[in-house]
1. What number of residues within region 84-135 satisfy the criterion of being among the basic types (Lys, Arg) and either closer than 18 Å to residue 163 by Cα or touching a Pro at 6+ places or on another chain (Cβ under 6 Å) (or both)?
2. Out of the residues in region 14-45 that are hydroxyl-bearing (Ser, Thr, Tyr) and surrounded by fewer than 11 Cβ atoms within 10 Å (Cβ to Cβ), which is nearest to ligand 1 (Cβ to nearest atom)?
3. With the structure loaded, tell me whether residue 130 is touching a helix residue (DSSP H, G or I) at 6+ places or on another chain (Cβ under 9 Å), of a type in the set (A, V, I, L, M) and surrounded by 18 or more Cβ atoms within 10 Å (Cβ to Cβ) or whether it fails that test.
4. How do the pairs read when you match residues in region 23-35 that are touching a residue at least 24 places away in the same chain (Cβ under 8 Å) with residues anywhere that are within 15 Å of ligand 2 (Cβ to nearest atom) and small (Gly, Ala, Ser), using Cβ under 9 Å and keeping only pairs 6 or more apart or on different chains?
5. Would you mention how many residues in region 174-207 are surrounded by fewer than 22 Cβ atoms within 10 Å (Cβ to Cβ), outside any strand (DSSP E or B), within 15 Å of ligand 1 (Cβ to nearest atom) and not aromatic (Phe, Trp, Tyr)?
6. Step by step: first the residues of region 133-172, then only those that are assigned to a loop (DSSP other than H, G, I, E, B) and among the aromatic types (Phe, Trp, Tyr), then the one that is surrounded by the fewest Cβ atoms within 10 Å (Cβ to Cβ). Which residue is that?
7. Tell me, please, whether a residue that is in contact (Cβ under 8 Å) with a residue 12 or more places away in the chain, more than 29 Å from residue 37 (Cβ to Cβ) and β-branched (Val, Ile, Thr) can be found in region 110-131.
8. Where residues in region 78-104 are among the aromatic types (Phe, Trp, Tyr) and under 15 Å from the mean Cα position of the chain (by Cα), which of them is nearest to ligand 1 (Cβ to nearest atom)?
Amino acid sequence: MFDSVFRRREEEDQFRSQGRLPPGQSLTNKFPVLHYGPVPSFKPQSWDFKVWGEVEQPLTLDWEAFNRLPRAKVTMDIHCVTTWSKFDTLWEGVSVRQLVDAGLIKLRPEAHYVVQHAEYGFTANLPLEVVLAENFLLATHFNGEPISPDHGYPLRGVVGAIPGRDDLKAPYLWKGAKWLRGLEFRREDKLGFWELAGYHNEADVWKEQRFA
Ligand SMILES: Nc1nc2c(c(=O)[nH]1)N[C@H]1C(S)=C(S)[C@@H](COP(=O)(O)O)O[C@H]1N2
Ligand SMILES: [Mo]
């Protein structure tokens, strides 16, 4: 017990000295579950993923089609606004940037913001540049396994910090919607669920932008 507390502190100090522990955060080796409302059940027959708004062609993919999209992997540090941070988490899924580069999503020049739409009407908003960056993924897998129901199965947006990539914006984890069902590309920004509840719209972990 004391041993493991001691070890956690030591590990935390290491990440701090590497410049990977944002202000006010502490390391966890667990994976806490946080969300509003119940965990939806996944029905593969009726599940779809939609892309709409400022795109040349709206898109609807069923689960099979979604799984045929090009795949990507990223290892990130994730930072929750409730002050836990989890390091070197491996996510696998679909990169929005790759879909755009492959011409599967054709953005209109007016597209500047993205709203993630999830089950039960939950939304999370981000600037387009963040959604197109390497530290944002439409994730189906966490650490080599399908994401668990609590963490967003079968699909979630996930955003974190890639060590050494200070050029990328790193928002808190709430900016990734679990049980994701679609992306809306927008001309103007639109506050999501937690943003409307008083959380900071930019949510930069290094600037400790927790609340508006
Ligand atoms: N659909 C949905 N996604 C959500 C939320 C939610 O309430 N509903 N909460 C967000 C919040 S506040 C956090 S901190 C992260 C937590 O992700 P985790 O449960 O995998 O740790 O999910 C985010 N995604
Ligand atoms: Mo959160």
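Any read-out appearing in this document is the output of simple, stated calculations on the displayed coordinates, not a laboratory observation. Here the structure is a predicted model, which means the values were calculated and not measured. Note: ideal-geometry Cβ built from the backbone for every residue, glycine included; neighbour counts use all protein chains shown.
1. The total comes to 1.
2. 36
3. Yes.
4. From region 23-35, the pairs are 25/85; 26/85; 27/85; 28/85; 35/152.
5. Qualifying residue count, region 174-207: 7.
6. For region 133-172, the residue satisfying everything is 153.
7. The answer is no, given that none of the residues of region 110-131 is in contact (Cβ under 8 Å) with a residue 12 or more places away in the chain, more than 29 Å from residue 37 (Cβ to Cβ) and β-branched (Val, Ile, Thr).
8. That would be 91.
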